[in-house]
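In what follows, a single structure is set out as structure tokens and then discussed.
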Amino acid sequence: MLDARQLEALAAVLEHGGFGPAAQALNLTLAAVSLRIKGLESALGQRLLVRGKTVRATAAGQALLAHVKQLRLMEADLVGGLGGHRPGAATAWQTLCVAVNADSLVSWFLPGVAALLTRHRLLLDLVIDDQDHTHESLKNGDVVGCVSTQAQPMRGCLAENLGVMRYCCMAAAALVEKCHTKTGALSVHRLLAAPAVIFNRKDGLQDIFLAQNFQLTTPQYPRHFVPAVDAFESALAHGLGWGMVPELHLADLSARPGHAALVEVLPGSAVDVALYWHHWEREPASAQRLTQAVKQAARKILR
């Protein structure tokens, strides 16, 4: 049996970012936290933490952190099911850590799970990342589920098909006009001379668009990086460049006061991104409810 106090010490160090903050959170001395970690490492015969300027988990440490988070959720579910709270008192809030890409979060994820969160007193601790990279948070044990483009589940997890999110290459009308020749054809050279508006440095949708439609593998072009959904779409509307916008956002964008209408740069050239919900095969009841809500929301909205 693993020692619960040692596991909590490990989780505290990783969640609070160091031994000092963990000691404060656990109301222990720094030496006591260190001894518990060393005891756990000795019992398992391997290092769990990489100590340096910052403390990070080894692969074994990540697996144990995921285990601790699952235990917390299962214990909360068990206590709730046993009526382990004062008569008349509200059920305790539970926190679920999930990783979601910003476009999904705004367009279908939050609207789809909002009722569940309120009904079951669930709190979200969100990790916002590109859909190609959210899977790392699950692998590291930071979250109980993630929206990802990866179809293959890792060991101990399930990957469930959510559907397809379609992205269109959009820009302000004046910029689109500059990128076309007198005959009305899109000039890729003119397009690449104009800046692209990109969500962040992990975002590869614009390169997929260029490869899919112009067979360009390593295109060079000026780039704005705008890592916020509203600001990203505002940059496009103000003519700062061209970019990939979720089809789900287009109707809402056109209705916003003061926003210039966006025009599709190359009609009929959308990029379809298949999304999957990754979650642990064995998960507590609260996480199971979230999984069902995510799948239902995706079925209603995604292609």
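Quick notes
- Odd one out for residue 143, checked against (1) surrounded by 18 or more Cβ atoms within 10 Å (Cβ to Cβ); (2) in a strand (DSSP E or B): (2)
The rows are residues; the columns are (1) surrounded by fewer than 15 Cβ atoms within 10 Å (Cβ to Cβ); (2) farther than 30 Å from residue 292 by Cβ; (3) in contact with a helix residue (DSSP H, G or I) (Cβ under 6 Å, 6 or more places away or on another chain).
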site: 176; (1), (2), (3): no, yes, no
site: 197; (1), (2), (3): no, yes, yes
site: 201; (1), (2), (3): yes, yes, no
site: 216; (1), (2), (3): no, yes, yes
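- So residue 264, is it under 26 Å from the mean Cα position of the chain (by Cα) and among the charged types (D, E, K, R): no
- Residue selected from segment 25-73 under the condition in contact with a Lys or Arg (Cβ under 9 Å, 6 or more places away or on another chain) and not in a helix (DSSP H, G or I), by the criterion surrounded by the most Cβ atoms within 10 Å (Cβ to Cβ): 49
- Of the residues 158, 116, the single one that is under 17 Å from residue 286 (Cα atoms), at pLDDT 90 or above and surrounded by fewer than 17 Cβ atoms within 10 Å (Cβ to Cβ) is 158.
- Number of the condition not met by residue 288 [criteria: (1) touching a strand residue (DSSP E or B) at 6+ places or on another chain (Cβ under 9 Å); (2) over 24 Å from residue 174 (Cβ atoms); (3) touching a residue at least 24 places away in the same chain (Cβ under 8 Å); (4) not in a strand (DSSP E or B)]: (3)
- Unique match (being outside any helix (DSSP H, G or I), closer than 16 Å to residue 289 by Cβ and either of a type outside the set (A, V, I, L, M, F, W, C) or touching a residue at least 12 places away in the same chain (Cβ under 8 Å) (or both)) among 124, 116: 124
- For residue 225: the one exception among (1) at pLDDT below 95; (2) surrounded by fewer than 17 Cβ atoms within 10 Å (Cβ to Cβ): (1)
- Remark: pairs (first residue in segment 44-73, hydroxyl-bearing (Ser, Thr, Tyr); second residue surrounded by 15 or more Cβ atoms within 10 Å (Cβ to Cβ) and part of a loop (DSSP other than H, G, I, E, B); Cβ separation under 6 Å; 6+ apart in sequence or on different chains) = 58/48.
- Residue 271 meets the conditions (1) in contact with a Leu (Cβ under 8 Å, 6 or more places away or on another chain); (2) over 25 Å from residue 135 (Cα atoms); (3) in contact (Cβ under 8 Å) with a residue 60 or more places away in the chain; (4) among the β-branched types (Val, Ile, Thr) in every case but one. The failed one is (2).
The values are calculated or read from the model by the stated rules, or taken from the named source; none is laboratory data. None of the values given here were measured: they were computed from a predicted structure. Glycine also receives a Cβ, built like all others from the backbone with ideal geometry; neighbour counts cover every protein chain displayed.
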